Amino acid sequence: YLTTRGAESMVEGSIDDVSARTRAVLNEEGIVLDESNVEKRGDKREFKGKKGDLDISVELERKADNTTRVEVSARENLAEWDKEYAQELLSKIIQKG
């Protein structure tokens, strides 16, 4: 579903699997990662990167062994978000499964 900043969904797959799919999609889209964080012993992960003038952020959070919450945002500037592109990225992550 759409959020105030982008798109979010519960995705079938372990956090390791969804993390690998996320990296693959970001790479395919030409998004240059400039930051990635792992918290809570790997149960929460965040990827940040750039594509043109967009700041891309993908947050993953393990909800169960085979379910991961994925939130994608694509920020154009301080007040504007490209929700359509965020939704497109989320769809590609889901389809990789």
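Structure notes:
- Residues being more than 17 Å from LYS51 (Cα to Cα) and surrounded by fewer than 16 Cβ atoms within 10 Å (Cβ to Cβ) - total across segment 66-84: 3
- Among the strands (runs of 3 or more DSSP E) confined to segment 17-97, the ones with at least 3 residues that are within 19 Å of THR4 (Cβ to Cβ) are located at 54-64, 67-75.
- Cβ-Cβ under 7 Å pairs, at least 6 apart or on other chains, segment 50-64 side over 17 Å from VAL38 (Cα atoms) and at pLDDT 95 or above, far side hydrophobic (A, V, I, L, M, F, W, C) and surrounded by fewer than 18 Cβ atoms within 10 Å (Cβ to Cβ): LYS50/VAL32
- Restricting segment 50-65 to residues that are open to solvent by 70 Å² or more (accessible area, probe 1.4 Å) and under 23 Å from ILE15 (Cβ atoms), the residue that is nearest to the chain's Cα centre (by Cα) is ARG62.
The values are calculated or read from the model by the stated rules, or taken from the named source; none is laboratory data. On a predicted model such as this, the values are computed, not experimentally measured, just so you know. So basically every Cβ, Gly included, is an ideal-geometry build from the backbone, and we count neighbours across all protein chains shown. With ligands, DNA and RNA removed, areas are computed over all heavy atoms of the protein, side chains included. Shrake-Rupley method; radii C 1.70, N 1.55, O 1.52, S 1.80 Å.
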